[in-house]
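Right, I'll just put the structure down here and ask away after.
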Amino acid sequence: MKRNLVTFLLTLVFGMLASTTCWAGVKKQKLRVLYLGGQADWTHGEMGSNDHFKSEAEFQAEVAKREASFGDLLRTYFTTVKTMQAKDWKPEMSNGYDVTIFDGCPPVLKETEKEYIFKGVSRTMKEKEYLPQDYSCPTITIASMGERIGQKYGTKNDWLCLCLDADAHSMNLQHPIFKGPFKTKITLTKQPTPEDAFHYAYYQDGNVPDSVMMWKVNTEGYKTNPDFNIGMVSRPWGYLDSPDCEFISSGVCAKTLDAVALGRHGNFLTWGFVGSPMYMTPEAKVVFANAVAYIAKFRGTPLVRKYNENIATREILKEDKYICTKKYVQERAVMDKEFYAENLKIAKQAREKKARGEELSGMEKMFVDFTEADIPAEKTYAETMKEKYPILYAKFGEDETKYQQYYDDNKPYFYGGEGSYTFVIDEDAKTWGIPNNDKRLIDKAITCLENNQEIERAQRVLRRYTLCEFTNAADWRKWYNTYKDKMFFTESGGWYFMVNDKKAPGNDYSVAEKRLQAQKAAEQKSLSAETVSHENPVVVTAHVQKLDFGRMDIVFNVKIMPGYHIYRTVAESDPYIPMKITCTLPDGAVLGEVYYPMPKPFVKEGTTIYDSNVTIRQNVSLPSLPATIKCTFECQCCDANVCMPPFSKEFTLNVE
């Protein structure tokens, strides 16, 4: 009896020991995994969605169930697993783990105010950072967490669309996560191509197949159950333009067939599908475990950072070309008609429900007041071009072929490094006849410095396309010759030539930030250096400010001596001279609106003045860089008794 008991206890102990490396026939990987929860599988009223939950307590209970399901899955495959809420996480906690999984939003580490200029008015917006810039832990982000925590960090796992459903397609089945370390089975079925993919056929030169092979990842999806949460896909354009990225799979969504549902950028792997293990297929659970094991190999920060998620990449030129066709305008009209018809249908149903005293969904609340009067008039081809491409419309009018030729001829020289989906032609690269993604451009610029030729152009090129700050031609040449074989060009990462070697000069994004701050400091110094006096009661400075979304303003800062004023408008019967701004622009440039601060009324109706410092903004669109703008600012300055002679100052503004 005693011997049998000892045998039983030994068997139990060895069984328990074995369970640390094997469970249900699965040999566990020796990895430490930290899971950070906070999301639920069902919608909670975000962005107008339905609230699946009757109370906050019910929502939190679902979050806990989701956390437990991830914990159970991870413990099946890995030796050490900890689960906790993301809100309680601190960056240093991840140092003790091989992989961190973000399924919830961590605390804000840093908030900064960013100035936005909209229609001449300055506004501020708080930007939130969740990760330190040196965060290097291998990480998986679930659904929209990739964008939320990664946007300020600079990952390419951005938010193209919160529209990912339950199935994957266009998979790279040779990728390691489909191979092991845990044995996988991938069941593919032929399914109709997602309808929205046909709207983006121009990205694939019109070659969109009627069907694609699909793999089911989640057992629920928002397309069949509107209350189920929604996954996220990232922009494919430029995703693979740096050596630290991999495309793994797309999925059923409202975008292109190559939108990124599964992908890796540096130490971040995006798992765009939202379903927890409770709603993962058995096959997907294994692949998810493989993804955890795979990302564990990538400790270290990304080589390239994407700080502007709306940055233009050359692939987007396909869309610009397509929009400049009459076919687009016709198809857009059909789509708009269908869209507004659906809105009217939702609105009608919403009003009927409201009349019956029934509760409206988030979508119904958005459209309950929508009527036919809210439907805009259909636009002609000319109206569309004038609205979307005013610079090109001024040159080409309704000649469709000229728009197409413009994009074809200038494709090697378009620059999209600033703004939101905005291109200008790099006249420096075009003058040399070298595409701006060809490293011969850098070689040419350095050669010019060495030969003391075209110095300004060469310096512009090197400043625009590199993150280096060498002060002489010899250092530039040494850098280029040392690293030219490791150079690559990234558009999504800022339109820079970078080096596939983290320690090499040319990969430091702080250089770009220092340049920006130096420019702002120079502008402020220029304004501060100008002083007003009774002899010169008005001082005006001007500069061009590059704004968000590719816009530019000519900014006039006007200092006025206390006790003096200048005239914004003048009544017909008054003898004063009103303010006047005139600008001479390069070919193809277009002036937009001018934004004046609210002036004060003067003695007579119709006469208004400024009697303190003001900033005036003149919007401008430029087709190419570099460019030179010449402006004249005219006004008359008076005090309570005397008017000074008319004031006039000319400015020559260079935009690089």
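The values are calculated or read from the model by the stated rules, or taken from the named source; none is laboratory data. Since we're looking at a predicted model, the values are computed, not measured. Here Cβ is always computed from backbone atoms with ideal geometry, including for glycine, and neighbour counts include all displayed protein chains.
Hey, among the residues in segment 354-365 that are touching a helix residue (DSSP H, G or I) at 6+ places or on another chain (Cβ under 7 Å) and without any contact (Cβ under 8 Å) to a residue 60 or more places away in the chain, which one's surrounded by the fewest Cβ atoms within 10 Å (Cβ to Cβ)?
The selected residue is L360.
Starting from residues that are over 29 Å from F414 (Cα atoms) and polar (S, T, N, Q), keep the ones in segment 294-349 and report whichever is surrounded by the fewest Cβ atoms within 10 Å (Cβ to Cβ).
Restricting attention to segment 294-349, the residues satisfying the condition of being over 29 Å from F414 (Cα atoms) are 294-301, 333-349.
Of the ones still in play, those that are also polar (S, T, N, Q) are 301, 343, 349.
Numbers: T301: 18, N343: 17, Q349: 15.
Out of the qualifying residues, it is Q349.
For the subset of segment 545-581 comprising residues that are within 39 Å of the chain's Cα centre (by Cα) and at positive phi, which member is modelled with the lowest pLDDT?
Checking each candidate, the answer is F549.
Has segment 630-644 got any residue that is modelled with pLDDT of 90 or more, among the hydrophobic types (A, V, I, L, M, F, W, C) and under 29 Å from the mean Cα position of the chain (by Cα)?
No, because not a single residue in segment 630-644 is modelled with pLDDT of 90 or more, among the hydrophobic types (A, V, I, L, M, F, W, C) and under 29 Å from the mean Cα position of the chain (by Cα).
Looking only at strands (runs of 3 or more DSSP E) that fall completely inside segment 180-295, which ones have 3 or more residues that are of a type outside the set (V, I, T) and either assigned by TED's automatic domain parsing to the domain that holds L36 or farther than 28 Å from F488 by Cβ (or both)? Give the derivation first.
On the way: elements: 189-192, 211-216, 231-233, 245-251, 262-265, 268-271.
In segment 180-295, the matching strands (runs of 3 or more DSSP E) lie at 189-192, 211-216, 245-251, 262-265, 268-271.
Moving on to the next point. Considering only segment 482-501, state which residues are surrounded by fewer than 17 Cβ atoms within 10 Å (Cβ to Cβ), of a type in the set (D, E) and within 20 Å of G266 (Cβ to Cβ).
Passing the criteria: only D501.
Follow-up. For segment 548-586, give me the residue count where each residue is in contact with an Asp or Glu (Cβ under 6 Å, 6 or more places away or on another chain) and surrounded by 19 or more Cβ atoms within 10 Å (Cβ to Cβ). Quick ask: steps written out before the conclusion?
So in segment 548-586, the residues in contact with an Asp or Glu (Cβ under 6 Å, 6 or more places away or on another chain) come out as 563-565, 580.
Still in the list and also surrounded by 19 or more Cβ atoms within 10 Å (Cβ to Cβ): 564-565.
Selection size over segment 548-586: 2.
Here are some residues: A474, A504, A518. Which one is surrounded by 13 or more Cβ atoms within 10 Å (Cβ to Cβ) and either assigned to a helix (DSSP H, G or I) or out of contact with any Asp or Glu (no Cβ under 8 Å at 6 or more places or on another chain) (or both)? Steps first, please.
On the way: A474 fails: surrounded by 13 or more Cβ atoms within 10 Å (Cβ to Cβ); A518 fails: surrounded by 13 or more Cβ atoms within 10 Å (Cβ to Cβ).
That would be A504, the only listed residue that is surrounded by 13 or more Cβ atoms within 10 Å (Cβ to Cβ) and either assigned to a helix (DSSP H, G or I) or out of contact with any Asp or Glu (no Cβ under 8 Å at 6 or more places or on another chain) (or both).
Identify the single condition in (1) within 26 Å of Q151 (Cβ to Cβ); (2) aliphatic (A, V, I, L, M); (3) in a loop (DSSP other than H, G, I, E, B) that L360 does not satisfy, given that it satisfies every other one.
The failed condition is (1).
Does segment 164-211 hold any residues that are of a type in the set (S, T, N, Q), exposed (fewer than 14 other Cβ atoms within 10 Å of the Cβ) and at pLDDT below 95, and which are they?
Answer for segment 164-211, where residues must be of a type in the set (S, T, N, Q), exposed (fewer than 14 other Cβ atoms within 10 Å of the Cβ) and at pLDDT below 95: just N207.
Yes or no, residue by residue, for (1) touching a residue at least 40 places away in the same chain (Cβ under 8 Å); (2) in a helix (DSSP H, G or I); (3) over 30 Å from E418 (Cβ atoms); (4) touching a Ser or Thr at 6+ places or on another chain (Cβ under 8 Å):
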site	(1), (2), (3), (4)
N308	yes, no, no, yes
I311	yes, no, no, yes
K318	yes, yes, no, no
M335	yes, yes, yes, no
F339	no, yes, yes, no
N343	no, yes, yes, no
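Looking only at segment 255-303, count every residue that is within 30 Å of Y200 (Cα to Cα) and either basic (K, R) or modelled with pLDDT under 95 (or both) and tell me the total.
Adding up the residues that qualify gives 2.
Any idea which residue in segment 492-501 is nearest to P236 (Cα to Cα), counting only those that are touching a Phe, Trp or Tyr at 6+ places or on another chain (Cβ under 8 Å), in contact (Cβ under 8 Å) with a residue 24 or more places away in the chain and part of a loop (DSSP other than H, G, I, E, B)? Talk me through it step by step, then tell me what you get.
Pass one, segment 492-501, residues touching a Phe, Trp or Tyr at 6+ places or on another chain (Cβ under 8 Å): 492, 494-501.
Applying the additional criterion that residues be in contact (Cβ under 8 Å) with a residue 24 or more places away in the chain yields 492, 494-498, 500.
Narrowing the set further to residues that are part of a loop (DSSP other than H, G, I, E, B) leaves 492, 494-495, 500.
Working: S492: 10, G494: 15, W495: 16, N500: 21 Å.
So the residue we want is S492.
Starting from segment 181-202, take each residue that is without any contact (Cβ under 8 Å) to a residue 24 or more places away in the chain and list its partners that are assigned to a strand (DSSP E or B) and of a type outside the set (A, V, I, L, M, F, W, C), counting only C-beta distances under 8 angstrom and pairs at least six apart or across chains.
Qualifying pairs under 8 Å: P192/S211.
Being surrounded by 14 or more Cβ atoms within 10 Å (Cβ to Cβ), of a type in the set (G, A, S) and assigned by TED's automatic domain parsing to the domain that holds A542 narrows it down to one of A640, A589, so name that one. Quick ask: steps written out before the conclusion?
Details: A640 fails: surrounded by 14 or more Cβ atoms within 10 Å (Cβ to Cβ).
Just a single option satisfies the conditions, and that option is A589.
With segment 1-118 as the region, which strands (runs of 3 or more DSSP E) entirely inside it contain at least 2 residues that are surrounded by fewer than 20 Cβ atoms within 10 Å (Cβ to Cβ), at pLDDT below 90 and hydroxyl-bearing (S, T, Y)? Full working, then the answer.
On the way: elements: 29-37, 78-85, 99-102, 110-118.
It comes to 110-118.
OK, next. Let me spell it out: the conditions are (1) at pLDDT below 95; (2) in contact with a Leu (Cβ under 7 Å, 6 or more places away or on another chain), and N225 meets all of them except one. Which number is the exception?
For N225, the failing item is (2).
In the set S528, S533, which member is modelled with pLDDT under 85 and either exposed (fewer than 15 other Cβ atoms within 10 Å of the Cβ) or not assigned by TED's automatic domain parsing to the domain that holds C637 (or both)? Break it down stepwise before answering.
Values: S533 fails: modelled with pLDDT under 85.
Selected residue: S528, the only one of S528, S533 that is modelled with pLDDT under 85 and either exposed (fewer than 15 other Cβ atoms within 10 Å of the Cβ) or not assigned by TED's automatic domain parsing to the domain that holds C637 (or both).
Quick one: would you say Y567 is in the same structural domain as F651 (by TED's automatic domain parsing), touching a strand residue (DSSP E or B) at 6+ places or on another chain (Cβ under 6 Å), closer than 12 Å to I609 by Cβ and in a strand (DSSP E or B)?
Numbers: in the same structural domain as F651 (by TED's automatic domain parsing): yes; touching a strand residue (DSSP E or B) at 6+ places or on another chain (Cβ under 6 Å): yes; closer than 12 Å to I609 by Cβ: yes; in a strand (DSSP E or B): yes.
Considered against the rule, which asks whether it is in the same structural domain as F651 (by TED's automatic domain parsing), touching a strand residue (DSSP E or B) at 6+ places or on another chain (Cβ under 6 Å), closer than 12 Å to I609 by Cβ and in a strand (DSSP E or B), Y567 comes out as yes.
Residues that are touching a helix residue (DSSP H, G or I) at 6+ places or on another chain (Cβ under 6 Å), at least 1 per element: which strands (runs of 3 or more DSSP E) completely within segment 605-654 meet that?
Working: elements: 608-610, 614-621, 627-635.
Ranges flagged: 614-621.
Right, next: Do you know which residues across segment 398-436 are at pLDDT below 95 and among the polar types (S, T, N, Q)?
Hits for segment 398-436 are S420, T422.
Just to verify a result, which residue in segment 366-380, among those that are surrounded by fewer than 16 Cβ atoms within 10 Å (Cβ to Cβ) and within 29 Å of the chain's Cα centre (by Cα), is nearest to L317 (Cα to Cα)? Full working, then the answer.
Of all residues in segment 366-380, those surrounded by fewer than 16 Cβ atoms within 10 Å (Cβ to Cβ) come to 366, 369, 371-378, 380.
Then keep just the ones that are within 29 Å of the chain's Cα centre (by Cα); that gives 366, 376.
Details: M366: 33, P376: 27 Å.
Restricting to residues being surrounded by fewer than 16 Cβ atoms within 10 Å (Cβ to Cβ) and within 29 Å of the chain's Cα centre (by Cα), the top hit is P376.
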